[in-house]
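Each remark here refers to the structure printed beneath this line.
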Amino acid sequence: MRVLFTFVGGPGHFRPLVPIARSVVAEGHTVAVAGSGSMVRAMETSGFAAFATEPAREHVRPRLPLLEPDNERAEMELREIFARSEAPARAKAILELGREWKPDVLVCDEVDFGGMVAAERLGIPHASVVVLAAGSLLRKETVAAPLSELRDAHGLPSDPELTMLDRHLVLSPVPPSFRHPDFPLPATAHSIRPVDAPPPVATRPNGRLVYFTLGTEFNTESGDLFSRVLAGLGPLPLTTVATVGEHIDPAELGPQPPNVRLRQYVPQGEILPSCDLVVSHGGSGTVIGALAHGVPSLVIPMGADQPHNAARCAALGAGEVLAPTSTTPEMVRRTASAMLSDPRYRNAAEAVRREIANLPGPESAVPLLERLATGQRTDVVHVEDETAGRDADIGARVQPGAGDLRCHGVGSDRSTLEQRGRRAECRVPHVPEDDHQQQ
């Protein structure tokens, strides 16, 4: 099986694909990844054959002033940049690449609309990977008009319900509880672990550790937010490790106290296991990474889906939210201190960590992609919340191709479905004896 992975944008759209792509390779299949020219090095160092769908962009990024989060602006950017501006060029580039490379399946991030159109033109199925964790920013009505125009331009049939977004398979590396309840996953979705499930940390280093980051995109649009947050964290009796990104020189932020360490980049997987608190912009990769390690988040959202993620952290009891333009050092200091001293935040984050650990790993996506490649169905059987027992809170889904399904009778009207060690209790409608005889 030949699988082409595609993504639009930067690291936040590429990294969720990596565990899935590596799992596909581990099963002996052939993988290539296509993204912007500026991401080719990241694709290659991750171990994949890489194709640039556009030239590398200017390396030096301008520093921009901090703006108040605006959901209408975020939706406009999704519609005008991702759907209207980026998608046509990406559809053309991926279509040309696909004709030469000849994939059997295409896997794209959920806002790589051009990749979806290219797959349809190539006559192959595609799977999308959730990269907007809360699920409440990407709405079909937001992108419907430009995607309809794009489909028309490629001679594709009308798709008023935009089934192209989730027609075949959706892979969600997000714990189900984090998804906004008003925006449920489609029936074609399967939840998987976002990372290798880390074990609980039995002992932590002496002293508390806070990780502070503003991500890889919004870090240069943060105004003086770095300075304000560092001024709030610096006086606390703990160690702060702050990453500023490759486009900012840590020296710009001036001298820091000995307990504050500035870096351009630190791999999350190296620092999160030892963290007591993450202070961040609320990017999907950052907040889900923190939760995967049972670490609560103090979120200062600046744009895109960050306010949505911040709200979900707070709703789960695993985070607090501060406004970026009005936050003061004292507010940061007071909120961080309160979160570190109240075990409820850690307990709530730990509950999500256990939920993530119980999800099937990224390797479970491989048989689903194999089914796509051979024209088989990958849809799921849902156990509705109102008829499911508490065991269903890890995502009670029967996954075709993921192993034998066993049914355990536990009563006259209830049964337990078990697959790959995961169980979900569900109601079994009563069928009269006469009906049994008629069947």
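The values are calculated or read from the model by the stated rules, or taken from the named source; none is laboratory data. Just so it is clear, the model here is predicted, and its values are computed rather than measured. When we count neighbours, we look across all protein chains shown, and the Cβ atoms used for this are built from the backbone with ideal geometry, even at glycine.
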Every listed condition ((1) within 22 Å of Pro194 (Cβ to Cβ); (2) crowded, with 20+ Cβ neighbours inside 10 Å; (3) in the same structural domain as Ala231 (by TED's automatic domain parsing)) holds for Ala314 save (2)
Open item on the list: It is to be established whether one or more residues within the range 269-279 are within 30 Å of Glu77 (Cα to Cα), outside the structural domain of Glu77 (by TED's automatic domain parsing) and either in contact with a His (Cβ under 7 Å, 6 or more places away or on another chain) or in contact (Cβ under 8 Å) with a residue 40 or more places away in the chain (or both).
Closed with: yes
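A quick yes/no check of all residues on (1) in a helix (DSSP H, G or I); (2) closer than 24 Å to Pro146 by Cβ; (3) out of contact with any helix residue (DSSP H, G or I) (no Cβ under 6 Å at 6 or more places or on another chain):
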{"residue": "Phe5", "(1), (2), (3)": "no, yes, no"}
{"residue": "Ile20", "(1), (2), (3)": "yes, no, no"}
{"residue": "Val40", "(1), (2), (3)": "yes, no, yes"}
{"residue": "Ala83", "(1), (2), (3)": "yes, yes, no"}
{"residue": "Glu86", "(1), (2), (3)": "yes, yes, yes"}
Going through the range 117-135 in order, the residues found to be more than 15 Å from Lys102 (Cα to Cα) and not β-branched (Val, Ile, Thr) are Ala127, Ser128, Leu132, Ala133, Ala134, Gly135
Exercise for review: Could you tell me whether Val130 is closer than 18 Å to Ser364 by Cα, touching a residue at least 24 places away in the same chain (Cβ under 8 Å) and crowded, with 16+ Cβ neighbours inside 10 Å?
Suggested key: yes
Expected single match for touching a residue at least 24 places away in the same chain (Cβ under 8 Å), acidic (Asp, Glu) and not in a loop (DSSP other than H, G, I, E, B) among Glu252, Glu330 is Glu330
Selection from the range 274-292 of residues over 22 Å from Glu221 (Cα atoms) and either at pLDDT below 95 or touching a strand residue (DSSP E or B) at 6+ places or on another chain (Cβ under 9 Å) (or both) yields Ser274, Cys275, Asp276, Leu277, Gly289, Ala290, Leu291
Glu363 passes all but one of the listed conditions (1) under 20 Å from the mean Cα position of the chain (by Cα); (2) closer than 17 Å to Phe178 by Cβ; (3) not hydrophobic (A, V, I, L, M, F, W, C); the exception is number (2)
